[in-house]
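Single-structure report; data block below.
Here, each number is a calculation from the coordinates, and none is a lab measurement. Being a predicted model, the structure only gives us computed values, none of them experimental. Positions of Cβ are generated from backbone atoms using ideal geometry, with glycine treated the same way; all protein chains shown enter the neighbour counts.
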Amino acid sequence: MSDTKKCDHHVLHKSRRKVLKGLAAGIGLIVLPGREASASVWESFFQKHFRELSRDELKDVIKRLERDYSKQYAKQVTVKTTPPIEGVRYGYGLDLSRCIGCRRCVYACVGENNQSRDPQIHWIRVMQLDKEKGVDLSHAEHYYNPVEVPEKGHFYMPVQCQQCEKPPCTKVCPVQATWKENDGIVVVDYNWCIGCRYCMAACPYGARHFNWGKPKLPSNEMNPNTHYLGNRPRPKGVVEKCTFCIQRTREQPGRYPACAEICPVGARKFGNLLDPGSEMRYLIENKRVFIFKEDLNTQPKFYYFYAT
Amino acid sequence: MSNIWHFLKGTLILVTKGSKAYYSWVLFLLTLMVIGAVAYIQQLNEGLIVTSMRDQVSWGFYISNFTFLVGVAAAAVLLVIPAYVYHWKPIKEIAVLGELLAISAIVMCLLFVTVDIGHPERFWHLIPKIGILNFPQSLLAWDVVVLNTYLAINLTIAIYILYSLYYKREPNKSFTTPLLLLSIPSAISIHTVTAFLYNGLGARPFWNSSILVPRFLASAFCSGPAFMIIIFFLVRKYTKFKIEDKAIQKVAELIAYAMFINLLLLGAELFKEYYTASAHLAPVQYLFEGLHGHSALVPWIWTAMIFNLTAFFIFLVPDTRRNNVTLIIGCFLVFIGVYIEKGMGLVIPGFIPDVLHEIYEYAPSSIELLLSMGIWATGLFVFTMLLRVAIPIMNGDFHVADDGVGSYIGDELFLVKQDSKEEIETGVLVDEYAE
């Protein structure tokens, strides 16, 4: 990025922020942004809910986002809107007997999904638990940091969005900025979310994360292959969450989520619950399986199991 | 139309006139408001990261204040019921003050919610038709509806009554009575819905208790009226407006009942949690005794418990209730006690321990404190302005001039110490037998 470009970008960003601020508080901080920037700001301000956009409007929105992101990160960024595939409902399996707590999944997820590096946002949380106590969260260690994992006498339980069949988070959203897609993935429209965080209070799994500050994502680490409802860059002040790597799993042929792909011990399984021949169906039918916080009747599509 | 214009012009002239005490009070509030605004600008610039809230504790001081103030707003109904349902004259004369308090409290509520959200400029997403209001699914959508309805009802009633009095007209009963009656369920609805907002979340056992709504209502009927009594004493001391002792006494009596129910319900909750001693006990333990060495809220909640209990006895025993000094002390104790219990004491343990049993101890940051102070100042400023206009109107010191166009201002000074004790006492006697 050349110096002038950097400067432009900086100015553009500042004025955009100022416009939003002025609108929000009416404090009168408005500085008229450049013509190009101003159009972008107003278009984004008046943008409709994702599901209410017509085909043409959607095209314009995507064009605008791709232009803005490409400029911001100085590389060609694509924003897909791939719809759910007919006859597919995703399910995830996690083998607690295999997981060694290395957290490679955590960081593969961060890299794939463009989470903020500072402040750090992780969509996966791995807890270290005592073998003696079993799945007893009150003794969970969240920030374990030994030289080597796994540690003796412990097992590890990664938690991420459980993609509930009956998600309590989408029900509470006052503006329907988050919903469950037909393939079972719970998504957020970052351009519609008002940042009230009611969904975070409602989620029993701590799966939702808020951009408390402006997310920092270095250009060279930015993954340019993005989905509107998934890993495209987020602004500050909105909620984000795991989408089973919607940008990968909806491709045809589909790819595994980044966390499943990187797992060195094969503890993570992924597949189509509606396909009787899938690995997921085999696991559910043949292994000892449990779902997390079953009593809340959220009906997760994230299955913990013991293969050995 | 020109009538309204002249009325507005009159009020503008009126609010700029007052005693030294009035000016310094208003200046003090304005200073705090400016400080709050500066804090808000910084928060808008950097994001909510300037607060102490994080993913584990995703609501904090702002929402705590919001929750408490919904209670204060709802409590105006405690004046409306005796005044307009039972036509009890001593309270009827002061019920309008309760409505003005409700308006100010709702203004604060809306401000606290606004500063808490990440994208306030997207508020229009909440407007039906233009945006999408997730009604009736989301309880937050319900809250938006009932809070604004309640605000609109109270504004309409208060402004209409005052406007009529200003033009020396008797308010039209067929207009005010239905609205006043509507304001009663509306007041209950704002507090019920706000309690449901927390109540409906299975993820948070601390809130997921069916006793939450009655607990909310009971504590609201303590804190709101306690604030009203303090205001009554101030108004009586610093303006010519007369408020009878028996009106104050009646309100104090109601506080005693409400506090009893509040304490009873709290006891029921504590029994259930401690006797069952399930995993759901953790947040209660965190609040009352500390958990795994974390105990930031413990001194606060015990302060609240002591304050509430002491106040209960002050309001229960006739001697201390009738003594103005102990009565005022009791009001302060109730207000602070409920502020702790139904503010941070209610919101924070919902998040500690969090859903994965992590403990992140929360204490508001300086930006949160300054900004909240600014909002409280704004609310008190609104309330002061409303009283500045309402009290002279009700005293007959501010009304339409004889030419029927301009306005007559008899009371140039506001907030002046009165020594009209005798007058008030005779007033009581006369009224007592007048009915």
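For the pair segment B:184-261 / segment B:73-109, the C-alpha centres are spaced 11 Å from each other. Candidates B:53, B:35, B:2 compared by Cα position along the dipole of chain B: farthest toward the positive end lies B:2, with charges placed on Cβ.
Calculated mean residue ellipticity at 222 nm for chain B: -23000 deg cm²/dmol, from DSSP H runs with n ≥ 4 weighted as -39500 (n - 2.57), summed, divided by the residue count and rounded to 500.
Against the empirical curve 2.2 N^0.38 Å, the C-alpha radius of gyration of chain A lands at a ratio of 1.06.
A Förster radius of 30 Å combined with the Cβ-Cβ distance from residue B:182 to residue B:416 puts the calculated FRET efficiency at roughly 0.20.
Applying both filters, DSSP loop and at most 15 other Cβ atoms within 10 Å, to the GluC sites (Glu not before Pro) of segment A:83-157 gives A:86, A:132, A:148, A:151. With a simple spin-label model that places each label point 7 Å from the Cα along the Cα-to-Cβ direction, the separation between residue A:225 and residue A:130 comes to 4.4 nm.
In this simple spin-label model, placing a label point 7 Å from the Cα along the Cα-to-Cβ direction at both residue B:289 and residue B:21 gives a separation of 4.9 nm. Shielding of peptide A:204-211 by partners, expressed as the average count of other chain Cβ atoms within 10 Å per residue Cβ, is 5. Here is what passes the span test in chain B: the DSSP H helices with alpha carbon length of 15 Å or more along the helix axis and a Kyte-Doolittle mean of 0.0 or above are B:2-15, B:20-46, B:61-74, B:95-116, B:139-166, B:173-199, B:212-238, B:245-276, B:298-316, B:324-341, B:366-395.
Hey, how many Å between the Cα centroid of segment A:83-114 and the Cα centroid of segment B:138-182? So the two Cα centres are separated by 54 Å.
Protection proxy ranking for A:220-227, B:357-364, using the average of other Cβ atoms within 10 Å per residue and placing the highest first: B:357-364, A:220-227. With a ≥ b ≥ c taken as the square roots of the eigenvalues of the C-alpha gyration tensor of segment A:200-265, please select rounded if a/c is under 1.5 and otherwise prolate if a/b is larger than b/c or oblate if it is not? Verdict is oblate for segment A:200-265.
Under the convention that each Lys and Arg Cβ holds +1 and each Asp and Glu Cβ holds -1, the size of the dipole of segment B:266-359 around its Cα centre is about 400 debye.
Counting other Cβ atoms within 10 Å of each Cβ, which trypsin sites (Lys or Arg not before Pro) in segment A:213-308 have at most 12 and sit in a DSSP loop?
Within segment A:213-308, the qualifying trypsin sites (Lys or Arg not before Pro) (loop, at most 12 other Cβ atoms within 10 Å) are A:216.
For the protein assembly as shown, a crude dipole built from +1 on the beta carbon of Lys and Arg and -1 on the beta carbon of Asp and Glu, taken about the Cα centre, is about 1920 debye to the nearest 20. Beyond a 21 Å Cα-Cα separation, which of these cross-linked pairs lie in this structure: A:75/A:241; B:20/B:168; A:131/A:293; B:9/B:242? Table pairs above 21 Å Cα-Cα are A:75/A:241; B:20/B:168; B:9/B:242.
Each listed q (0.11, 0.13, 0.14 Å⁻¹) maps to a log10 I(q)/I(0) for segment B:2-396, found by the Debye formula over equal Cα scatterers with no solvent: -0.83, -1.17, -1.35. Take each peptide in B:295-306, B:58-69, count the other Cβ atoms within 10 Å of every residue, and average; sorted highest first, the result is B:58-69, B:295-306. A simple spin-label model places pseudo-atoms 7 Å from Cα toward Cβ; at residue A:71 and residue B:329 they are separated by 6.7 nm. The dipole here belongs to segment B:133-281: it is taken about the Cα centre, uses +1 on the Cβ of Lys and Arg and -1 on the Cβ of Asp and Glu, and is about 580 debye. When both segment B:319-370 and segment A:224-283 are represented by their alpha-carbon centers, they are found 44 Å apart.
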